[in-house]
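Read the figures in this text as sums done on the coordinates, not as results from a lab. Predicted model, so just to flag it, every value in this text is computed and none were measured. With ideal geometry, Cβ positions are generated from the backbone for all residues, glycine too; neighbour counts draw on all protein chains shown.
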């Protein structure tokens, strides 16, 4: 008996592929980071810094779209991490270097080497932060991030350079401050401080009418002078976890018994 010409569709191997929409948004993250690097090399620091925030927008959308459309894949997760490394690791590091950290060598050769190492340190800590996040996704509390998220760290660095360029901040003090901010952002990314993830906020749920008015007001304030407002917002977020940790440690100190001098 000859074999049937047509096989059951269930016997055919399923073709492997990727979902278009979430990965298209992830590609937007990668493109924005790449554009930020190119703009920094060309000396357009306003556009370079703005590209980092555009990358944050794409990065915030791709995961949500994947969850809403039930198109989460291991491929998308890995692609997202690689794109984040370019947009939030290499991008800000090169922007800082091109803006002026390289000019530290004009003051002292040692300063120039330190500035070069600091920007590389930032890129490394971003990679470590992303690797740690990927390996602990299943075991951590979804309400918190361990260490400063890489998009927020990139926002701090990019907004500082944006402000420095707008206000023409230069000189040795400005350059040292630039790589100090970059180094601090890198340290906070690999720290043990816990930052709220805002994942408990349900965008589809009901909110008070006052909150509905407050949200567009935030965008209005940002639009007034983006670099300053963004630096304040993300700078406050970056420092929030260390400040809370210090406050809690101080509260846990034993009180001094009155008149005895003993705890």
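Ordering of 156-162, 192-198 by packing is 156-162, 192-198, highest average first (other Cβ atoms within 10 Å, averaged per residue).
Across q = 0.10, 0.11, 0.18 Å⁻¹, the stretch 23-159 modelled as identical point scatterers on its alpha-carbon atoms has Debye log10 I(q)/I(0) values of -0.35, -0.41, -0.97, in the order of the q list.
Across every direction, the projection of the convex hull enclosing the Cα atoms of the stretch 53-112 has a mean area of 5.0 nm².
Can you tell me which of 142-154, 238-250 comes out highest on packing, and rank the rest after it, using the mean Cβ neighbours within 10 Å?
Details: 142-154: 21.0, 238-250: 13.2.
Packing order, densest peptide first, comes out as 142-154, 238-250.
Descending by average beta-carbon neighbour count within 10 Å, the peptides 126-132, 70-76, 82-88, 41-47 line up as 82-88, 126-132, 41-47, 70-76, the highest first.
Along each principal axis, taking the top coordinate minus the bottom one, the Cα set of the stretch 89-143 gives 48, 17, 15 Å in descending order.
Within the stretch 107-179, all pairs of alpha-carbon atoms sorted by distance into 5 Å bins from zero give the percentages 3, 13, 19, 19, 16, 12, 9, 6, 3, 1.
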